[in-house]
1. Can you tell me which condition residue 31 does not meet? The list is (1) assigned to a loop (DSSP other than H, G, I, E, B); (2) without any contact (Cβ under 8 Å) to a residue 24 or more places away in the chain, and all the others hold.
2. Which ones in the range 48-67 are within 11 Å of residue 6 (Cβ to Cβ) and not in a loop (DSSP other than H, G, I, E, B)?
3. For residue 58, state whether it is surrounded by 13 or more Cβ atoms within 10 Å (Cβ to Cβ), more than 15 Å from the chain's Cα centre (by Cα) and modelled with pLDDT of 95 or more.
C-alpha cells in the first residue's frame with residue numbers, strides 16, 4: 001500500500017465512522033465529517049496533508065499525489 005491509498009482509506013474510514021457516530025451517538029460528530037472534507041479540499045489545492053506526512057514517517061512508499 002502506498003501513501004495515496006492509505007490517505008484515501010483513512011479519510012473514508014473517518015468519514016464513515018463520524019457519520020455513524022453522528023447518527024447514533026451525538027450530532028456533534030458530524031463536525032468531524034466536515035473537518036475531514038475540508039482537509040481533503042485544502043490538500044487538493046495545496047498538496048499539504050498531515051495524514052500523508054504521518055504515513056510517510058511510518059515508512060509507506062510514496063504514490064503520485066503526496067510526495
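1. For residue 31, the exception is condition (1).
2. 51, 52, 54, 55, 56, 61
3. On the way: surrounded by 13 or more Cβ atoms within 10 Å (Cβ to Cβ): no; more than 15 Å from the chain's Cα centre (by Cα): yes; modelled with pLDDT of 95 or more: yes.
For residue 58, the condition - surrounded by 13 or more Cβ atoms within 10 Å (Cβ to Cβ), more than 15 Å from the chain's Cα centre (by Cα) and modelled with pLDDT of 95 or more - is not met.
The values are calculated or read from the model by the stated rules, or taken from the named source; none is laboratory data. These figures come from a predicted structure and were not determined experimentally. When we count neighbours, we look across all protein chains shown, and the Cβ atoms used for this are built from the backbone with ideal geometry, even at glycine.
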